[in-house]
Amino acid sequence: MPVPSTDLDSLIAYSRKLGSTPSMIQAAGGNTSIKANGIMWIKASGRWLGEINDPSGFVEMDVNRILALLDDPQSTDADMRACLCDATTTARPSVEVPMHAAIPYRYVVHSHCIDVIAIAVQRDARARLAKMLNGIEWEFLPYIKPGVPLSRLVAKVAHRGVKVFILANHGLIVAADTLDEIDQITQDVVDRLACVDAPEPMISALPEIDLSGTGYRWATDVKSHQIAHNKDWTDLMSFGTFAPDLLVFLGPALPVIDLNSAQIPAQLQNLAQAPLPMNSAVIFQGMGIAIREDAFAGTEELLRSARDIMMRLPKDSDIAYFDEDSRNALLNWDAEKYRQSLNTAEA
């Protein structure tokens with residue numbers, strides 16, 4: 001283990017703290033790594049950062065092999081995953097392995113920071129960021145599928161020593177040779193991008209309709225129900241999706257249920273037959289949000305994160321929704337299917 005065990009222990013503790021901060025990490029999202037002497041330890045795919053307590057939550061990878069593959073235009077995500085230091089390792093590394101390897105700093109932290117995403121989903125995100133991050137050396141990368149495609153984009157600029165990367169629709173990468181510096185940089189970025197929260201919709205009572213036998217249950221987080229009490233938020237969530245984890249946990253869009261319909265139970269039963277993540281959650285306009293009983297573990301967290309993002313959206317927002325090709329590329333991606341298999345049902 002060329003990476004000192006004390007440094008790996010520090011990364012584990014840092015990852016656990018980061019993963020326990022909902023404004024930075026939701027469910028199994030995000031990843032962290034440390035590298036030294038050609039070896040990199042990176043979070044295992046599907047693991048929740050907030051629950052990692054020992055090295056088993058990370059996978060040991062050969063950096064030089066990964067970088068060589070990045071130079072090969074024919075290499076795939078599967079090729080990157082195979083760059084294990086121990087071929088008997090059963091844990092699967094994060095699909096972001098080559099992205100972490102391409103950034104020439106000891107530590108790399110990729111988060112799904114809510115304040116960052118609220119700006120990064122804007123069509124004019126680059127222009128907004130240029131004003132808000134003035135004085136910081138940073139790089140904005142247009143949306144591209146995570147994994148090898150995104151990693152090659154990062155690699156093109158990482159050699160310049162950039163420590164802050166804003167990924168359109170996706171999140172934040174901060175790199176440095178110490179975790180203290182990563183903390184300082186991250187806090188500076190968050191402080192600069194922090195938006196004024198919108199007024200919270202008032203909810204007079206939680207939903208009372210009995211959903212037994214429909215395949216759905218009411219969301220347990222009271223604040224998630226606010227989506228159904230804000231017409232603009234309902235429209236945003238029912239029109240499409242704008243972030244990778246929102247798509248793979250909640251599906252392409254949330255159906256809106258007509259409260260005046262006499263066929264609500266049958267309608268819900270029919271929606272629950274679709275393959276996940278389709279119809280993972282549905283909106284009862286003016287009442288609340290219902291979640292499929294078989295929804296992926298993490299659905300509640302991503303629903304709440306969607307609400308938190310919308311609380312922070314600028315008043316003049318123009319959202320860059322994913323087009324059909326981008327949606328299909330993620331939903332049919334082997335890496336996401338694997339991660340979903342590790343999060344098959346809500347606890």
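The His159 and Ser238 beta-carbon pair, evaluated with R₀ = 30 Å, returns a calculated FRET efficiency of approximately 0.10. Take the alpha carbon gyration tensor of the range 10-153, find the square roots of its eigenvalues, order them as a ≥ b ≥ c, and report rounded if a/c is under 1.5; if not, report prolate when a/b exceeds b/c, else oblate. Oblate. Each of Asn230, Tyr105, Ile12 was placed along the dipole of the chain (beta-carbon charges, centred on the mean Cα), and the one lying farthest toward the positive end is Tyr105. Rounded to the nearest 10 degrees, the angle from helix 5-19 to the longest Cα principal axis of the chain is 20 degrees. Surface composition of the chain: carbon and sulfur atoms hold 50% of the protein heavy-atom accessible area at a 1.4 Å probe.
Oblate is the label for the range 245-316. Its Cα gyration tensor axes, ordered a ≥ b ≥ c, give a/c of at least 1.5 and b/c at or above a/b.
Put a plus charge on the Cβ of each Lys and Arg, a minus charge on the Cβ of each Asp and Glu, and nothing anywhere else: the dipole of the range 160-244 about its Cα centre is then about 320 debye. Of the residues Val148, Val164, Ile209, the one whose Cα sits farthest towards the positive end of the charge dipole of the range 140-241 is Val148 (charges of +1 on Lys and Arg Cβ, -1 on Asp and Glu Cβ, taken about the Cα centre).
Express the Stokes-Einstein translational diffusion coefficient of the range 98-182 in µm² s⁻¹, to the nearest whole number, given a Kirkwood radius over alpha-carbon pairs, 4 °C and a viscosity of 1.567 mPa s. The Stokes-Einstein estimate is 100 µm²/s.
Only Cα pairs under 8 Å and 6+ residues apart enter the sum, and on that basis the relative contact order of the range 23-126 stands at 37 percent. Rounded to the nearest 20 debye, the dipole magnitude of the chain is 400 debye, with +1 charges on Lys and Arg beta carbons, -1 on Asp and Glu beta carbons, and the Cα centre as origin.
Here the chain carries DSSP beta bridges of which approximately 85% are antiparallel, counting only pairs with both residues inside. Here r is the Cβ-Cβ distance between Ser56 and Ala262 and R0 is 56 Å; the resulting FRET efficiency, rounded to 0.05, is 0.60. Charged side chains reduced to their Cβ positions (Lys and Arg at +1, Asp and Glu at -1) give the range 1-68 a dipole of some 180 debye around its Cα centre.
Assuming a ≥ b ≥ c are the square roots of the Cα gyration tensor eigenvalues, decide whether the chain counts as rounded (a/c under 1.5), prolate (otherwise, with a/b larger than b/c) or oblate. Cα axes put the chain in the prolate bin.
The values are calculated or read from the model by the stated rules, or taken from the named source; none is laboratory data. Treat the numbers as computed from the prediction; the structure is a model and nothing was measured. Counting neighbours? That spans all protein chains shown, and the Cβs are built from the backbone with ideal geometry, glycine included. Accessible surface areas use protein heavy atoms only, side chains included; no ligands, DNA or RNA. Shrake-Rupley method; radii C 1.70, N 1.55, O 1.52, S 1.80 Å.
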